[in-house]
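Here's the structure we're looking at; comments come further down.
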Amino acid sequence: MPLDAGDNRAEFLYSVRHRSTGWTVDEKERLQMSDTTKVGKDTVVSIDYTLTDDDGEVLDTSKGEGPLTYLHGHDQIIPGLEKELDGKAVGDTLKVRIAAEDAYGEHDPERMVEVSRENFDFDVSPGDYVQAQHQDGSVIPFLVVSVEEDKVVLDGNHPLAGKALNFDVEIVEIRPATEEELEHGHAH
Ligand code: ZN
């Protein structure tokens with residue numbers, strides 16, 4: 001029985017993986033049936049997109065930058081968008097509104113902090129971002145919300161927290177992930 005290109009690619013994916021993992025014949029059959037022409041777990045997907053807020057303001061776009069490429073099913077993009085893209089094919093377009101809870105989460109007032117002005121030996125203005133180092137060494141960006149005589153109010157929420165996101169997306173390319181990409185958990 002002739003195999004189409006999709007079947008060949010699935011078979012190849014299996015044989016590459018099999019050498020290192022020792023997967024069984026059952027998994028081989030499952031992989032042979034997986035459709036790498038559709039967006040699904042362990043496919044690498046390229047999308048053109050424009051992201052706007054509810055006021056129509058463009059927050060981000062791939063226009064002029066080239067498509068965004070990510071590994072599907074590995075939390076590389078916001079969960080709400082990943083869910084909408086599942087099962088789509090190259091050339092498909094979609095317009096979706098993702099609620100804040102399925103995007104960057106609701107705005108958390110606990111992540112607002114007041115810091116003594118003395119901690120800043122440089123000028124800060126509302127709208128600036130400053131970085132704070134956490135005890136574990138990670139660096140967290142904070143938005144400067146207001147600057148008063150003796151204190152500065154900072155917001156450690158993601159800049160898009162609390163916002164519904166409107167995505168206008170076109171699927172540009174879908175391919176199976178390589179073994180290395182699956183090990184790393186991201187697209188190369
Ligand atoms: Zn990598």
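The values are calculated or read from the model by the stated rules, or taken from the named source; none is laboratory data. Just so you know, these numbers come straight off a predicted model, no measurement behind them. Every residue, glycine among them, receives a Cβ derived from its backbone with ideal geometry; neighbour counts consider all protein chains shown.
Do you know which residues across the stretch 19-53 are of a type in the set (Gly, Ala, Ser), closer than 21 Å to LYS83 by Cα and either in contact with a Pro (Cβ under 9 Å, 6 or more places away or on another chain) or modelled with pLDDT under 50 (or both)?
Residues satisfying the conditions are SER34, SER46.
Restricted to the stretch 142-174, and to residues that are buried (at least 16 other Cβ atoms within 10 Å of the Cβ) and of a type in the set (D, E, K, R), which residue is nearest to ILE47 (Cα to Cα)?
Per the criteria, the residue is GLU170.
If I ask for residues that are closer than 20 Å to ALA164 by Cβ, in contact (Cβ under 8 Å) with a residue 24 or more places away in the chain and assigned to a strand (DSSP E or B), which ones from the stretch 43-88 would you list?
Matches in the stretch 43-88: ILE47, TYR49, THR50, LEU51, THR52, LEU59.
Please work out if VAL172 is out of contact with any helix residue (DSSP H, G or I) (no Cβ under 7 Å at 6 or more places or on another chain) and at pLDDT 95 or above.
On the way: out of contact with any helix residue (DSSP H, G or I) (no Cβ under 7 Å at 6 or more places or on another chain): yes; at pLDDT 95 or above: yes.
The answer is yes for VAL172.
From the set of residues in the stretch 114-126 that are of a type in the set (A, V, I, L, M, F, W, C) and farther than 27 Å from GLY162 by Cα, which is surrounded by the most Cβ atoms within 10 Å (Cβ to Cβ)?
Initially, the stretch 114-126 is screened for residues of a type in the set (A, V, I, L, M, F, W, C), giving 115, 120, 122, 124.
Pick out the ones that are also farther than 27 Å from GLY162 by Cα and you get 120, 122.
Working: PHE120: 13, PHE122: 6.
So the residue we want is PHE120.
Restricting to strands (runs of 3 or more DSSP E) lying wholly in the stretch 127-188: which have 1 or more residues that are more than 16 Å from the ligand (Cβ to nearest atom) and either more than 30 Å from GLU57 (Cα to Cα) or in the same structural domain as LEU71 (by TED's automatic domain parsing) (or both)?
Fully inside the stretch 127-188 and qualifying: 129-133, 151-155, 165-176.
In the stretch 149-188, what count of residues is obtained for those that are at positive phi and under 15 Å from the mean Cα position of the chain (by Cα)?
Going through the stretch 149-188, the residues at positive phi turn out to be 162, 185.
Then drop every residue that is not under 15 Å from the mean Cα position of the chain (by Cα), which leaves 185.
Residues in the stretch 149-188 being at positive phi and under 15 Å from the mean Cα position of the chain (by Cα): 1 in total.
Using beta carbons and a limit of 9 Å, which pairs, at least six apart or on different chains, have the first residue in the stretch 177-188 and among the hydroxyl-bearing types (Ser, Thr, Tyr) and the second one more than 8 Å from the ligand (Cβ to nearest atom)?
Qualifying pairs under 9 Å: THR178/LEU13; THR178/VAL16; THR178/VAL44.
Hey, among the residues in the stretch 89-113 that are assigned to a strand (DSSP E or B) and touching a Lys or Arg at 6+ places or on another chain (Cβ under 8 Å), which one's surrounded by the fewest Cβ atoms within 10 Å (Cβ to Cβ)?
Step by step, filter the stretch 89-113, then rank; the result is ALA89.
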